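Worksheet: the structure to be examined is printed underneath.
Throughout, read-outs are computed from the coordinates displayed, never taken from laboratory work. Quick caveat: nothing in here was measured; it's all calculated off a predicted structure. Positions of Cβ are generated from backbone atoms using ideal geometry, with glycine treated the same way; all protein chains shown enter the neighbour counts.
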Amino acid sequence: MGTFGWSYPPGCTHLPWDEEYPCDVCGNPSDSCICPECPICGANGDPKCYEEHGMIRSEEQVVSMIEYQKAIAEENDNYWRKFEEEERKLEDPDS
């Protein structure tokens with residue numbers, strides 16, 4: 001048992017999360033990641049493999065990441081636009 005009264009199972013370094021995170025290389029959710037397996041370490045979608053293991057991003061990976069970044073930027077813009085509209089309504093409720 002660990003210091004805090006519990007320990008992770010062997011090989012587990014953190015608690016599993018229910019949230020789906022995008023791949024750091026292609027931007028797709030992990031269940032639809034298009035990244036190939038690294039021939040050196042066996043990882044998928046790890047930027048270190050492209051920096052340290054000589055892997056090269058495919059055009060499909062690059063385009064996928066650009067589309068993901070555009071979608072995130074649009075989502076952020078919409079969020080802040082809505083936030084600013086709500087702020088204006090609070091400042092001037094009659095408008």
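If you go through segment 38-59 and keep only what is of a type outside the set (Gly, Ala, Ser) and closer than 20 Å to Glu20 by Cβ, you end up with Asn44, Asp46, Pro47. Within segment 41-77, being more than 13 Å from the chain's Cα centre (by Cα), at negative phi and in a loop (DSSP other than H, G, I, E, B) holds for Cys41, Ala43, His53, Met55, Ile56, Arg57, Ser58.
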